[in-house]
């Protein structure tokens, strides 16, 4: 019996070693999913509160000229409530009164991942776990950013992860797996996107194939910014803002990257008279959820909410901008065990170091916001956005046909 058990352990050990050797590149790129949190990481003891302004939509536009889709990666209701408690009971998210719930499953898995859910949010189609921008058969799917670009709108992506990561990559790339980040970087070069800001520099200039894609971007008219200061100075034209080798650091170390990057993207994209589409991701709510780290979750949640405030300020003045805030999935199975509105203290606990299959919230503000309420699937979100884009495209073509020819 001992002999049989010893043999089984040897086989298991060999199998594990082979598995680690085969999948080590994947593990290396998903280190943020490793749970190492101690009990002390479950309590946020409180910090300074920031004031929250009120915004309302008073416009009369029948359809939005601009669409801003904000994705809090891994953000469930408990993450939002943790942030709200930590800021004394107030968030910019409370400006939204059009609210619903979103189902998130992948084509082949009930509990989804960021690539499959990102693809669903970008294209309106379900795909398999880890597939990016392609259907379950591996065929490319057209996404809402590409559709917006096709009708003359400016487009952009902002993220606190690498821009080649699963969520931002879903709005640009078409690859059989999310882990092909060098290939996704090439997709960015060939996409025609106007603005992309985040991490991921190494996938452009420190590649296995020896190519320097920054040179290719420059040849296509992009301004290259490798620091937040350079990003903030850019006011027009095409911008590739790659401010970290891979993902950016956590909020307490990186500073106001998301707010500054978002403001820069808005400034540039708003120059287009035909309007724009912009996707903004608060990536590391998910990373903190994987780590079961309540203080980190709250850092990232409040950073995302402050960025929502910047976007709402723009949208309230513009009056032609639809703002949608949602999540790709929930991470960590977070529950709130205790809290204090006066001090901002939050005590969280977790059921997993991975994702869960529960519904996530959706919030909408501006023209068309009423279409994003109730119970919907993640694929419904881009389908509704596509209808606005198709209506505008049809109106533009009709307007061109009705224009009288100039006299010679």
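Which condition number in (1) in contact with a helix residue (DSSP H, G or I) (Cβ under 8 Å, 6 or more places away or on another chain); (2) without any contact (Cβ under 8 Å) to a residue 40 or more places away in the chain is the one that residue 161 fails? That leaves (2) as the condition not met. Limited to region 165-208, what total is found for residues that are buried (at least 24 other Cβ atoms within 10 Å of the Cβ), farther than 23 Å from residue 236 by Cα and free of Cβ contacts under 8 Å to residues at least 40 places away in the same chain? Looking only at that region, the number is 0.
Selection of helices (runs of 4 or more DSSP H) fully inside region 96-177 by the criterion of at least 3 residues being touching a strand residue (DSSP E or B) at 6+ places or on another chain (Cβ under 6 Å) returns 144-150, 166-170. Taking residues in region 366-391 that are at negative phi and free of Cβ contacts under 8 Å to residues at least 40 places away in the same chain, and partners anywhere that are surrounded by 21 or more Cβ atoms within 10 Å (Cβ to Cβ) and part of a strand (DSSP E or B), the pairs with Cβ atoms closer than 8 Å and at least 6 places apart or on different chains are 371/364.
A single entry from 364, 315 fulfils the requirement of being modelled with pLDDT of 95 or more and not in a strand (DSSP E or B): 315. Among the residues of region 306-334, write down those that are closer than 20 Å to residue 86 by Cβ and touching a strand residue (DSSP E or B) at 6+ places or on another chain (Cβ under 9 Å). Passing the criteria: 307, 308, 312, 325, 327, 330, 331, 332, 333, 334. When every residue of region 128-137 is checked against the conditions, none turns out to be on the phi < 0 side of the Ramachandran plot, crowded, with 18+ Cβ neighbours inside 10 Å and in contact (Cβ under 8 Å) with a residue 60 or more places away in the chain. Pick out the one residue from 339, 353, 348 that is touching a helix residue (DSSP H, G or I) at 6+ places or on another chain (Cβ under 8 Å), at pLDDT 95 or above, more than 17 Å from residue 92 (Cβ to Cβ) and surrounded by fewer than 19 Cβ atoms within 10 Å (Cβ to Cβ). The match here is 353.
Restricting the search to helices (runs of 4 or more DSSP H) fully inside region 205-272 and requiring at least 2 residues that are modelled with pLDDT of 95 or more and under 28 Å from residue 321 (Cβ atoms) gives 228-233, 251-254, 257-269.
Summed over region 187-202, the residues that are in contact with a helix residue (DSSP H, G or I) (Cβ under 7 Å, 6 or more places away or on another chain) and part of a helix (DSSP H, G or I) give a count of 1.
On inspection, residue 154 does not qualify as closer than 21 Å to residue 263 by Cα, surrounded by 24 or more Cβ atoms within 10 Å (Cβ to Cβ), touching a helix residue (DSSP H, G or I) at 6+ places or on another chain (Cβ under 7 Å) and modelled with pLDDT of 95 or more. Restricting to region 239-256, name every residue that is crowded, with 20+ Cβ neighbours inside 10 Å and touching a strand residue (DSSP E or B) at 6+ places or on another chain (Cβ under 6 Å). Listed by number, the residues that qualify are 239, 240, 241, 244, 247, 248. Regarding region 322-333, can at least one residue be identified that is more than 22 Å from residue 94 (Cβ to Cβ) and assigned to a strand (DSSP E or B)? Taking every residue of region 322-333 in turn, at least one turns out to be more than 22 Å from residue 94 (Cβ to Cβ) and assigned to a strand (DSSP E or B).
Scanning region 273-294 for residues that are assigned to a loop (DSSP other than H, G, I, E, B), surrounded by fewer than 24 Cβ atoms within 10 Å (Cβ to Cβ) and in contact (Cβ under 8 Å) with a residue 40 or more places away in the chain gives 274, 275, 291. Within region 85-124, which residues are crowded, with 22+ Cβ neighbours inside 10 Å and without any contact (Cβ under 8 Å) to a residue 60 or more places away in the chain? Matches in region 85-124: 106, 116, 119. Only residues that are surrounded by fewer than 23 Cβ atoms within 10 Å (Cβ to Cβ), in contact with a helix residue (DSSP H, G or I) (Cβ under 9 Å, 6 or more places away or on another chain) and in contact (Cβ under 8 Å) with a residue 60 or more places away in the chain were counted in region 315-336, giving 3.
The values are calculated or read from the model by the stated rules, or taken from the named source; none is laboratory data. If you're wondering where the values come from, they're calculated on a predicted model, not measured in any experiment. Note that each Cβ is placed from the backbone with ideal geometry, even for glycine, and that neighbours are counted across all protein chains shown.
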